[in-house]
Amino acid sequence: MKLSINANYIPEEQTSLSPNTCYYLYMTDGTQKELKEMQPRHEYLIDKRKNDFSSFLKVILLNTYLYVTNTEVELISDIAKTLEKEYYKDLDKDFIEKIVKSGKEQDFIKEIIRTRLLKTTALSEDSDDAKNKLKKVQFRLAQDDDLLRYIFAGSVCMSISEYLTSLLNYFMSASSSTQKTILTYQNTLMLKRCIADHRCIFINNRKCLPLKTAKIGRTMTRDIFVYIDMTQKRIRFRHFSERDKYEESNEYFQLNSDEQKLLDAVCDYVDNQKWVTFSFDVINTGELPEILKIIAKEYINEDGTITKRVTYTAMYLSDLNYTYEQLIKINGVNIKNLEYSEKIDELFKLLKETKYSF
């Protein structure tokens with residue numbers, strides 16, 4: 001996958017780093033076993049021509065570096081808030097301006113923090129017992145591993161092997177959810193770039209228009225993105241961690257006014273977690289349609305009667321689409337007094353006008 005990263009955080013390339021050079025890091029047998037067990041679940045991230053352990057290792061190193069580096073963006077707001085403390089009021093104004101704005105001074109602070117973070121991770125594995133169990137694992141760079149050459153060039157405070165071992169240790173010490181985030185981080189960056197640029201992407205070779213990223217869920221949020229599948233003319237949600245082949249393109253797109261209205265309505269639904277609740281009374285329990293067998297199951301008594309008003313919450317747009325259409329169809333036949341948000345009518349009106357579906 002082509003991936004451009006901001007020049008502000010790419011260290012100067014060292015010409016001595018050759019694709020033919022053999023690099024190595026250290027890990028225990030337990031870590032190697034854990035990674036090899038993890039690899040089959042993430043084969044989709046590896047070029048089929050290079051389907052081996054060292055390729056998976058390089059994916060981890062690249063994505064971990066990108067993840068650690070990009071999370072440094074939060075440091076800028078931390079710096080700005082810290083400077084508001086009375087203790088720092090007499091700091092030189094030129095110095096403050098340099099560290100709160102993008103530039104070499106700010107990059108210097110971020111790199112020191114990144115190095116300290118990775119060194120701390122390395123030290124956590126630095127006991128004599130751990131050292132005795134560490135084994136050298138070697139790999140070579142391929143001709144298209146340009147970004148890894150940049151990463152390796154940034155190891156000025158540590159030897160390259162220590163630097164790579166620290167990146168691996170950071171990944172291994174992360175929670176399983178963070179590991180998933182790290183492994184798909186290239187896709188995340190690519191999607192955000194294409195959304196900002198209004199560029200098409202291809203998911204499993206199907207042309208799609210990426211629209212926005214969002215978080216969905218009440219108790220446990222998950223990162224998703226909203227996109228239009230041009231093959232099926234559908235607006236869809238997708239989790240970043242899904243095992244798909246992503247490719248960016250240089251083809252730009254622009255939504256027309258009706259499509260933009262539809263996107264705004266969908267985004268309003270997603271951003272405000274507007275799970276739509278349907279409520280209705282069942283008037284015919286003889287031959288229940290499939291939708292009522294699903295929704296009203298817990299409301300049906302043994303004798304087939306329903307004593308309470310049925311309520312059902314649709315949490316996903318695909319679920320909402322099916323529920324809405326089916327309940328509208330049987331309203332007045334199997335159910336009555338159907339109630340739901342008025343804005344849903346507007347949403348489905350826009351779907352018809354634009355000839356899209358969920």
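The values are calculated or read from the model by the stated rules, or taken from the named source; none is laboratory data. As the structure is a computational prediction, the values presented were derived from the model and not from experiment. Cβ atoms come from the backbone with ideal geometry, glycine included; neighbour counts cover every protein chain shown. Side chains included, ligands, DNA and RNA excluded: accessible areas come from the protein's heavy atoms. Shrake-Rupley method; radii C 1.70, N 1.55, O 1.52, S 1.80 Å.
When you scan the range 262-276, do you find a residue that is in contact with a Ser or Thr (Cβ under 6 Å, 6 or more places away or on another chain), surrounded by 12 or more Cβ atoms within 10 Å (Cβ to Cβ) and at pLDDT below 85, even just one? Yes, some residue in the range 262-276 is in contact with a Ser or Thr (Cβ under 6 Å, 6 or more places away or on another chain), surrounded by 12 or more Cβ atoms within 10 Å (Cβ to Cβ) and at pLDDT below 85.
Among all positions in the range 340-355, there is at least one residue which is more than 31 Å from the chain's Cα centre (by Cα) and more than 15 Å from Val266 (Cα to Cα). Reported count of residues in the range 217-250, each being modelled with pLDDT of 85 or more and not in a strand (DSSP E or B), is 4.
Note on the range 112-169: among residues that are of a type in the set (Ser, Thr, Tyr) and in contact with a Ser or Thr (Cβ under 8 Å, 6 or more places away or on another chain), the one that is modelled with the lowest pLDDT is Ser124. Condition check for Lys329 on (1) part of a loop (DSSP other than H, G, I, E, B); (2) at pLDDT 85 or above; (3) over 12 Å from Ile283 (Cα atoms): one failure, at (1).
Note on the range 304-326: among residues that are of a type outside the set (Asp, Glu), outside any loop (DSSP other than H, G, I, E, B) and open to solvent by 60 Å² or more (accessible area, probe 1.4 Å), the one that is nearest to Arg238 (Cα to Cα) is Ser318. In a residue-by-residue description of the range 332-348, the property of being of a type in the set (A, V, I, L, M) and in a helix (DSSP H, G or I) applies to at least one position. The residue pairs whose first member lies in the range 150-164 and is within 17 Å of Tyr26 (Cα to Cα), whose second member is part of a loop (DSSP other than H, G, I, E, B) and at pLDDT 80 or above, and whose beta carbons are closer than 6 Å, counting only pairs six or more residues apart or on different chains, do not exist in this structure.
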